[in-house]
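One structure below.
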Amino acid sequence: MHTRNGNMTGSRILVFGAHPDDIEFGCGAVLLDAAAKGAKIDLVVLSRGEAGTHGNRSIREKEALNAAHLLGAELHFATTPGDTRLQADLEIKLLAAKEIRRLKPDLVFAPSGHLNQHPDHRETSRVVRDANRLARYGKTPGLENWEPHATKALLFYDISIEAAGTDGLVPFLVDVSSQVEKWTDLMKCHESQTGNLDYVDLQLSRARVLGIQAGVASALRLYSEGPLLWSSIETVLSARGPRL
Ligand SMILES: [Zn+2]
């Protein structure tokens with residue numbers, strides 16, 4: 001996105017994740033950059049990660065709160081059927097759409113929906129994709145108490161390497177070189193998940209490879225539902241094409 005002028009004060013970003021660490025691992029570096037530029041960030045997490053092999057519900061809640069604090073974001077846990085039980089049904093879509101109407105974000109982030117990954121990530125992707133539409137439709141039944149809200153863009157992030165794949169979405173890279181150290185600290189907030197640090201290394205390496213390809217230290221890939229509109233050819237000057 002446009003980072004050269006860097007003033008995001010007054011902008012709001014709403015990020016959805018299935019589990020307490022998804023957001024920080026998937027797009028934490030991008031959010032740190034947005035927060036540093038003044039954006040207000042809300043995180044909505046659809047489970048407490050209570051079915052995870054490591055940690056438990058209360059440990060993971062606490063880790064997510066620590067991470068949100070470091071990010072300067074507000075964390076909301078949604079009431080859903082829970083970890084490994086997420087289904088993109090109407091009830092949860094309305095819940096997500098309600099959050100979009102309530103928080104009125106400019107940008108909404110969701111996990112990418114590739115098949116080969118944790119089913120909760122895939123379901124969350126579908127939930128948010130549909131919720132983003134339901135939030136703007138004028139007369140969606142069940143949302144009458146909240147004003148319709150149209151976001152500027154819905155963007156998707158990869159949680160794991162397996163999740164990478166365009167699935168008809170439009171990929172673009174964001175330079176996150178300035179946030180790598182803080183991003184490492186952010187991911188390490190999820191101590192119960194980073195016992196051997198391979199997960200942290202994996203994300204840092206992924207960003208490094210994308211960065212090398214783009215000619216910067218580190219970059220993260222996001223996706224948009226369709227082509228993003230640049231306000232003029234002038235703003236495209238803050239972007240540049242592949243180097244390799
Ligand atoms: Zn997850």
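The values are calculated or read from the model by the stated rules, or taken from the named source; none is laboratory data. Owing to the predicted nature of the structure, the values given are computational and were not obtained by experimental measurement. Quick reminder, even Gly has a Cβ in these numbers, built from the backbone with ideal geometry, and neighbours come from all protein chains shown. Just the protein is used for accessible areas: all its heavy atoms, side chains included, with ligands, DNA and RNA removed. Shrake-Rupley method; radii C 1.70, N 1.55, O 1.52, S 1.80 Å.
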**Request:** Within the stretch 210-227, track down each residue that is closer than 30 Å to residue 130 by Cβ and either open to solvent by less than 30 Å² (accessible area, probe 1.4 Å) or under 17 Å from the mean Cα position of the chain (by Cα) (or both).
**Result:** 210, 219, 220, 221, 222, 223, 224, 225, 226
**Asked** Does residue 201 fit the bill of being within 17 Å of residue 33 (Cβ to Cβ), open to solvent by 20 Å² or more (accessible area, probe 1.4 Å) and of a type outside the set (A, V, I, L, M, F, W, C)?
**Response** no
**Prompt:** Listed residues 88, 64, 73, 96; which is touching a residue at least 12 places away in the same chain (Cβ under 8 Å), touching a Pro at 6+ places or on another chain (Cβ under 7 Å) and hydrophobic (A, V, I, L, M, F, W, C)?
**Reply:** 64
**Request:** Please work out which one of (1) of a type outside the set (Lys, Arg); (2) free of Cβ contacts under 8 Å to residues at least 24 places away in the same chain; (3) away from the ligand (no atom under 16 Å from the Cβ); (4) assigned to a loop (DSSP other than H, G, I, E, B) is the condition residue 38 fails and give its number.
**Result:** (2)
**Prompt:** When the stretch 116-128 is examined, which residues are found to be open to solvent by 60 Å² or more (accessible area, probe 1.4 Å), over 9 Å from residue 93 (Cβ atoms) and more than 11 Å from the ligand (Cβ to nearest atom)?
**Reply:** 116
**Request:** Only residues that are surrounded by 20 or more Cβ atoms within 10 Å (Cβ to Cβ) and assigned to a helix (DSSP H, G or I): list them for the stretch 65-76, please.
**Result:** 67, 68, 71
**Asked** When you go through 53, 79, 84 one by one, which is the residue that is among the hydroxyl-bearing types (Ser, Thr, Tyr), more than 16 Å from the ligand (Cβ to nearest atom) and open to solvent by 50 Å² or more (accessible area, probe 1.4 Å)?
**Response** 79
